[in-house]
1. Please go through segment A:9-45 and pick out each residue that is within 13 Å of chain B (Cβ to nearest Cβ), within 19 Å of A:PRO165 (Cα to Cα) and touching a His at 6+ places or on another chain (Cβ under 9 Å).
2. Residues in segment A:2-19 that are modelled with pLDDT of 95 or more, not in a strand (DSSP E or B) and not aliphatic (A, V, I, L, M): how many?
3. Quick one: in segment A:157-166, which of the residues that are part of a loop (DSSP other than H, G, I, E, B) and touching a helix residue (DSSP H, G or I) at 6+ places or on another chain (Cβ under 8 Å) is surrounded by the most Cβ atoms within 10 Å (Cβ to Cβ)?
4. Tell me, yes or no, whether segment A:273-287 has at least one residue that is more than 14 Å from chain B (Cβ to nearest Cβ), in contact (Cβ under 8 Å) with a residue 12 or more places away in the chain and touching a Pro at 6+ places or on another chain (Cβ under 7 Å).
5. List the number of the failed condition for B:ASP239; all other conditions in (1) over 29 Å from A:LYS212 (Cβ atoms); (2) in contact (Cβ under 8 Å) with a residue 24 or more places away in the chain; (3) not hydrophobic (A, V, I, L, M, F, W, C) hold.
6. Which of the residues that make up segment B:67-95 are hydrophobic (A, V, I, L, M, F, W, C), within 18 Å of B:ARG48 (Cα to Cα) and over 12 Å from the mean Cα position of the chain (by Cα)?
7. Restricting the search to segment B:93-107, which residues are in contact with a Ser or Thr (Cβ under 9 Å, 6 or more places away or on another chain) and over 18 Å from B:SER132 (Cα atoms)?
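The values are calculated or read from the model by the stated rules, or taken from the named source; none is laboratory data. Owing to the predicted nature of the structure, the values given are computational and were not obtained by experimental measurement. Cβ: placed from backbone, ideal geometry, glycine included. Neighbour counts: every protein chain shown.
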Number of protein chains: 2
Amino acid sequence: MQEVRVQAPATVANVVCGFDCLGFALSEPFDEMIVRRTDAPGIRIINRDDFGVPTEPERNVAGVAAAAMLQSSGADFGLEIEITKHIKPGSGIGSSAASSAGAVVATNRLLGDRFSKTELVGFAMEGEHLASGSRHADNVAPCIFGGFTLVRSTDPLDVVTLEFPPLWATIIHPQIEIKTAEARAILPKDVPLKTATRQWGNVGSLVAGLAKGDYALIARSMEDFIVEPVRKLLIPKFDEVKAASLDAGALGGGISGSGPSIFMLSEDPTTAGRVEIAMSDVYSRTDIEFNMYISEITSSGARSI
Amino acid sequence: MQEVRVQAPATVANVVCGFDCLGFALSEPFDEMIVRRTDAPGIRIINRDDFGVPTEPERNVAGVAAAAMLQSSGADFGLEIEITKHIKPGSGIGSSAASSAGAVVATNRLLGDRFSKTELVGFAMEGEHLASGSRHADNVAPCIFGGFTLVRSTDPLDVVTLEFPPLWATIIHPQIEIKTAEARAILPKDVPLKTATRQWGNVGSLVAGLAKGDYALIARSMEDFIVEPVRKLLIPKFDEVKAASLDAGALGGGISGSGPSIFMLSEDPTTAGRVEIAMSDVYSRTDIEFNMYISEITSSGARSI
């Protein structure tokens, strides 16, 4: 095989209560990539979009992730990685994760599917490290496994796929910049044990609600006492968007990853559409540009086509 | 109805990673109670065991819990509560919870099952408050609901029943005293966010492992970075008991509630029996007296008979 085409979807990390742990994959938007085997070693990046992502392979998340995999496999060939990003960098819906994950899924195909999905997550984390300074897996795990995932541990890496009922996500992406590294810097270093206990009660019950398909329990469990109270201050109209979405029938939601995107989950596409109107109504009364997405949570992650 | 007999089982709270949140019910040991309606108001406690538990109703956990329920219901009658405890107070397997839960389950029967199970847990928490100074529900919830439970929140009270595969618990109760209030006092007030994140990763994956019946995942998830490292210092030979149990085939385990009992979970009764031998071998080489229990985790909690 000389060439592999992949689609790597956007993802939502944290899922309110599950900071650095929970995440899910959307069906769209997704990045498109073509990865070609080259006889000459080394990696060449070709950008087919207008986002101006670096093309030096050691400064490109796809380049870094693919290089880690090539090195680990001892491959004697090189790669040309042609990237058409549709997920805007800095949106908070896993743009860097999609590039990293897409690169390793495609490269693994060229290597005859040598590596497990968990190993792919490990290589893709190199891209996340470049993007944010932190080897986190809460976007690359759902991007590679699809569906809802829980990163039990990053060292050793342990990704748990979760069962979940039909769910639709509505996402608003305000066109403001929040750097992941900054969004991490404002978090408390320590938290009261009492607060942490409430938080893991919610993580456990969200997982239980997903497994049971208990929408009311899913709704009650999407509560965050630690991260949202701090990070929401970086996102204009956060509380208004959330209140309007709940009024429109959303189960719940919050900041997607480190923001600025806000996601809301609904039981069905009709409600997700009502939530879209409610969210956009709030932002239409500001002078901030925004994009919106509606997507079912799908069990397929990055896939070759 | 004039008289109700109940059995209220022992319970294991925390379940390693789920401090103040997770718990499960054993089928034995259990406390036996007879609760009789009396025309005269007020509560009278009769002890039928040798544990010397206070008989003044306002100093007895069953008395306090039943009184809270009678008051809430506006009942014009009184109660005689005859208690035969088989769960030794201070053992760490929910002795006070069994008395509190048994009293409210029986009294609810006398009241025509007026209250929901969650409301029963709320009344039984009054007994826990008397026993430990803390209104926690992680023992009374499994004692009343049976099976594995997760207390998502105590205010408002929200108890989640969890699905779980066949599991057997082996428990060793060393005859040393650890006061719940003291075991709480030595806990850190604050924890690093990084540590808390690892902990809720494990809580989420333990719930997922139970729902999937994935024994390997259950085993990997029973990790505690916060409570066990501090509390195990109060329990002689804790590390040895744990290591010997894992060698004997246990999935994992740790301190039951605030100790001193240690529990280990196994996939089947044969392994649970091997674990019993391994645990008792360690303690037989000390001069500490101990009791042992083996029980399947059952889905029935406190029940009238």
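1. A:ALA13
2. Qualifying residue count, segment A:2-19: 4.
3. A:PHE164
4. The answer is yes, given that some residue of segment A:273-287 is more than 14 Å from chain B (Cβ to nearest Cβ), in contact (Cβ under 8 Å) with a residue 12 or more places away in the chain and touching a Pro at 6+ places or on another chain (Cβ under 7 Å).
5. (2)
6. The answer is B:LEU79, B:ILE81, B:ILE83.
7. If the condition is that a residue be in contact with a Ser or Thr (Cβ under 9 Å, 6 or more places away or on another chain) and over 18 Å from B:SER132 (Cα atoms), then B:VAL105, B:ALA106, B:THR107 are the ones that fit.
Okay, residues lined up against (1) in the same structural domain as B:ASN14 (by TED's automatic domain parsing); (2) in contact with a Phe, Trp or Tyr (Cβ under 9 Å, 6 or more places away or on another chain); (3) of a type in the set (Gly, Ala, Ser); (4) closer than 20 Å to B:ALA216 by Cα:
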residue	(1), (2), (3), (4)
B:GLU228	no, yes, no, no
B:LYS232	no, yes, no, no
B:LYS242	no, no, no, yes
B:LEU246	no, no, no, yes
B:GLY254	no, yes, yes, yes
B:SER266	no, yes, yes, yes
B:THR271	no, yes, no, yes
B:GLU276	no, yes, no, no
B:MET279	no, yes, no, no
